[in-house]
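*Asks:* Here you go, one structure.
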Amino acid sequence: MNGTRRDFIQAIGRAGGYSAAYLAMQSIGLLPGYAAGAQALKLEPGSGKGIKVVILGAGIAGLASADELLKAGYDVTILEARGRVGGHNWTVRGGDKVEWSDGSVQTCTYDSDQYFNAGPARLPSHHQAVLGYCRELGIELEVEVNASRSAYLRNAKANGGKPIQMRRAINDTRGHVSELLGKAINQGALDKELTPADKERMIAFLRQYGDLSPDLFYKGSKRSGYKRMPGATDQSGIPNDPLDMTTLFDMDMWNSVVFEDMIDDQATMLQPVGGMDRLPLAMAKKIGPAVFRMMSEVTEIRRTASGARIVYKDRRSGRMQEILADYVICTIPLPVLAKIPSDFSETIRSRIGEVYYGNAVKIGFESRRFWEQDYQIYGGLSFVKDPGAQIWHPSGGYHKQKGILVYYIFMGGEAVTSQPRDQQPIFAQREIDGLFPGHGQELGKPVVVNWGKIPYNMGNKAYLSEDNADLYDIMNKADGPFYFANDWLTHSGWQEGAILSARHTVASIDQRVRARKA
């Protein structure tokens, strides 16, 4: 580092403290951005002494914000409308109640050793901020099997409605594409792009990659599985006949075929042993009970001459109360926040209600583990073309008698939610029965979590359009005493994004506080 840069960084550090200097070094390339963001902030101890911060919401962003602020001596209070921490991170177990916005309540009746991650259910291995918390807090992790070649794809309008095993879809596609490319090379179609030596090397690669015959035809592959498994004595294996390319085109499920290649879905994926809520529960324990005011529903968000005033309803007693703060970190989901009277800027106040929030639907069924016992599927996801559902096979409890099979629609869950409440599990059962004929009737004890109808969420995630894309930058900055933190305010998303957003916001507050004190 040269003298000019050193002087520059030192000047920023004197004015804004460690976090400001850290962010400055990151911005000019002296620190790797992603690794730096994944590390917990190292605010100067005592830098927040005498400063009151109120955090609205005890989801992952709120918990991470509190954790960082407390390290620097800030006076922190978290207001949470529910009786639990975690927000969208929610694990449902036997005896838990699922409340809907219309006032109806469903009680989970799972066996005592079963659980259902109604919100996030997997942790990518490159999400080092959230995994850092797991490491720090001693949260035991296990592999989440995100993809299984034994799982299935089904498009009711293709292949006679019969499902196709994932290994056949993947490997037969590779074989056909490799054959076509090999023919194109041999016919001179790529002579301008490839030297003669490169053509030979490409052909050698395609033979291996696509499992082609010496004359460059795809005639099927053991990679696609067997119609007769290899066995003892004279029982040799007979590979499956290759699916023709037209059938694969008709399936039109390429996103499902390649989903595990997307960076956030690549192995190795992880999950906390015993349920995803192990993370927020451990974070809350570290923060300490004195910081939390549970069952506190925010009803007004106001400015004052020196900061902010939050009015909230104690849902236990029904009494209205208020709390003053120098700064507020708001993590409340936008559909809920839009209905709370506030003194946000006109831009924020008038437009947050226009942001689309996804209506994810998850239905968890308790069942005999027929997917293992009858289909040899251990973990992974199966896919249904319409309405775009994923079937999650559990990644733990192998060879137990029972498990939780999850029917999940990430976006556009109207195909399910348009059904009457008591028909929604039946709809999902029919979809699953299409993949595993005759087994839909084994699915019992359904727990339906329609995030668009869950109080204090009313959706699962914000999706900005061209009309409101500028809210990303606007809400990543201070609005007077108000700051915002949430997964969608990052390019990461997921729980990782919630933590990174919290750290960005806390660093901004700390920089402002230190500048004022200086």
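The values are calculated or read from the model by the stated rules, or taken from the named source; none is laboratory data. These figures come from a predicted structure and were not determined experimentally. Cβ atoms come from the backbone with ideal geometry, glycine included; neighbour counts cover every protein chain shown. Surface areas here come from the heavy atoms of the whole protein model, side chains and all, with no ligands, DNA or RNA. Shrake-Rupley method; radii C 1.70, N 1.55, O 1.52, S 1.80 Å.
*Asks:* Got a sec? Charge dipole of the chain, +1 on Cβ for Lys and Arg, -1 for Asp and Glu; which of 332, 125, 481 is way out at the positive end?
*Replies:* 481
*Asks:* Specify the longest stretch of the chain that does not include any exposed loop site, a site being one of the GluC sites (Glu not before Pro) with a non-H, G, I, E, B DSSP assignment and at most 10 other Cβ atoms within 10 Å.
*Replies:* Longest site-free region, per DSSP loop and neighbour criteria: 194-465.
*Asks:* Working from the alpha-carbon coordinates of segment 100-229, get Rg over Rh, Rh being the Kirkwood radius. Before the final figure, lay out the partial values.
*Replies:* Working: Rg = 23.5 Å, Rh = 19.9 Å.
Rg/Rh for segment 100-229 comes to 1.18.
*Asks:* Bin by bin, in steps of 10 Å, what percent of the Cα pairs in segment 90-130 do you find, going until the bin that has the longest distance?
*Replies:* 25, 38, 24, 13
*Asks:* Would you please name the chymotrypsin sites (Phe, Trp or Tyr not before Pro) within segment 84-123 that are DSSP coil residues with at most 16 other C-beta atoms within 10 Å of their C-beta?
*Replies:* Passing sites in segment 84-123 are 100.
*Asks:* Using alpha carbons only, what's the Rg to Rh ratio of the chain with Rh from Kirkwood?
*Replies:* Working: Rg = 26.6 Å, Rh = 25.7 Å.
We get a ratio of 1.04 for the chain.
*Asks:* Also, quick follow-up: Quote the charge dipole size of segment 330-485 about the Cα centre in Debye, to the nearest 20; the model charges only the Cβ of Lys and Arg (+1) and of Asp and Glu (-1). Working shown, then result.
*Replies:* Values: 15 positive and 17 negative charges, 128 e Å.
It works out to roughly 620 debye.
*Asks:* Still on this structure: Could you compute Rg(Cα) / (2.2 N^0.38 Å) for segment 435-518, with N its residue count?
*Replies:* Relative to the rule-of-thumb radius for its length, segment 435-518 sits at 1.66.
*Asks:* Here's a follow-up. How big is the antiparallel share of DSSP beta bridges in the chain, given as a percent to the nearest 5? It would help to have the intermediate numbers written out before the result.
*Replies:* Details: 52 of 70 bridges.
Of those bridges, close to 75 percent are antiparallel.
*Asks:* Any chance you could look up the accessible area of residue 399 with a 1.4 Å probe, heavy atoms only, rounded to 10 Å²?
*Replies:* We get 140 Å² for residue 399.
*Asks:* Sorting 241, 234 by accessible area (1.4 Å probe), largest first, what list results?
*Replies:* From most exposed to least exposed: 234, 241.
*Asks:* In debye, nearest 20: dipole of segment 393-471 around its Cα centre with unit charges on the Cβ of K, R (+) and D, E (-)? Let's see the in-between values first.
*Replies:* Values: 7 positive and 8 negative charges, 110 e Å.
The dipole magnitude comes to about 520 debye.
*Asks:* Taking only the C-alpha atoms, wrap a convex hull around segment 218-293 and report its volume per residue in Å³ as a whole number. Before the final figure, lay out each step's value.
*Replies:* Numbers: hull volume 15.2 nm³, N = 76.
In segment 218-293, the Cα hull volume divided by residue count equals 199 Å³.
*Asks:* In debye, nearest 20, what is the charge dipole magnitude of the chain about its Cα centre with +1 on Lys and Arg Cβ and -1 on Asp and Glu Cβ, if you could check? Please report the intermediate quantities before stating the final value.
*Replies:* Working: 61 positive and 58 negative charges, 259 e Å.
Here the size comes out at about 1240 debye.
*Asks:* Under the √(5λ) rule applied to the eigenvalues of the Cα gyration tensor, what semi-axes describe the equivalent ellipsoid of segment 245-347? Give them in Å, descending. Before the final figure, lay out the partial values.
*Replies:* On the way: eigenvalues 367, 94, 37 Å².
The answer is 43, 22, 14 Å, longest axis first.
*Asks:* Moving on to the next point. Put +1 on the Cβ of each Lys and Arg and -1 on the Cβ of each Asp and Glu in the chain; which of 505, 177, 353 then has its Cα farthest toward the positive end of the dipole?
*Replies:* Working it through, the farthest residue towards the positive pole turns out to be 505.
*Asks:* Quantify, in whole percent, the carbon and sulfur part of the accessible surface of segment 81-223 (1.4 Å probe; protein heavy atoms only).
*Replies:* Working: 3590 of 7050 Å².
Answer for segment 81-223: carbon and sulfur cover 51 percent of the accessible area.
*Asks:* Carbon and sulfur: what percent of segment 467-518's accessible surface (1.4 Å probe)? Before the final figure, lay out the partial values.
*Replies:* Details: 990 of 1980 Å².
Carbon plus sulfur share of accessible area: 50 percent.
*Asks:* Also: Return one whole number: the accessible area per residue of the chain in Å², for a 1.4 Å probe. Please report the intermediate quantities before stating the final value.
*Replies:* On the way: 23370 Å² over 518 residues.
Averaged over the residues of the chain, the accessible area is 45 Å².
*Asks:* Enumerate by residue number the trypsin sites (Lys or Arg not before Pro) in segment 212-310 meeting two conditions: DSSP loop (anything except H, G, I, E, B), and at most 13 other Cβ atoms within 10 Å of the site's Cβ. Before the final figure, lay out each step's value.
*Replies:* Numbers: sites: 219, 222, 223, 227, 228, 278, 285, 286, 293, 302, 303, 309; in loops: 219.
Hits after loop and neighbour filter: 219.
*Asks:* Let me ask something additional. Could you name the lysines in cross-link range of residue 97, using Cα to Cα under 17 Å and dropping any fewer than eight places away on the same chain?
*Replies:* 362, 445, 453
*Asks:* Kindly give the semi-axes, whole Å and largest first, of the ellipsoid equivalent to segment 41-83, taking each as the square root of 5 times a Cα gyration tensor eigenvalue. Mind showing how you got there, number by number?
*Replies:* Numbers: eigenvalues 81, 25, 5 Å².
Equivalent-ellipsoid dimensions as semi-axes: 20, 11, 5 Å.
*Asks:* In straight Cα distance, which lysines are under 30 Å from residue 227, not counting same-chain residues fewer than 8 positions off?
*Replies:* List returned: 157, 162, 183, 219, 385, 400, 402.
*Asks:* For segment 367-461, what is the per residue volume of the convex hull drawn over the alpha-carbon atoms, in cubic angstrom?
*Replies:* On the way: hull volume 10.4 nm³, N = 95.
Cα-based convex hull of segment 367-461, divided per residue, equals 109 Å³.
*Asks:* Further question: Please express the Cα-Cα pair-distance distribution P(r) of segment 330-389 as a list of whole percents, one per 5 Å bin, running from 0 to the bin with the greatest distance.
*Replies:* Each 5 Å bin holds this share of Cα pairs: 4, 12, 16, 14, 9, 8, 9, 9, 9, 6, 4, 1.
*Asks:* Taking only C-alpha pairs under 8 Å that are 6+ residues apart, what is the relative contact order of segment 73-212 in percent? Spell out each step's value before the answer.
*Replies:* Values: 107 pairs, mean separation 18.7, N = 140.
That works out to 13 percent.
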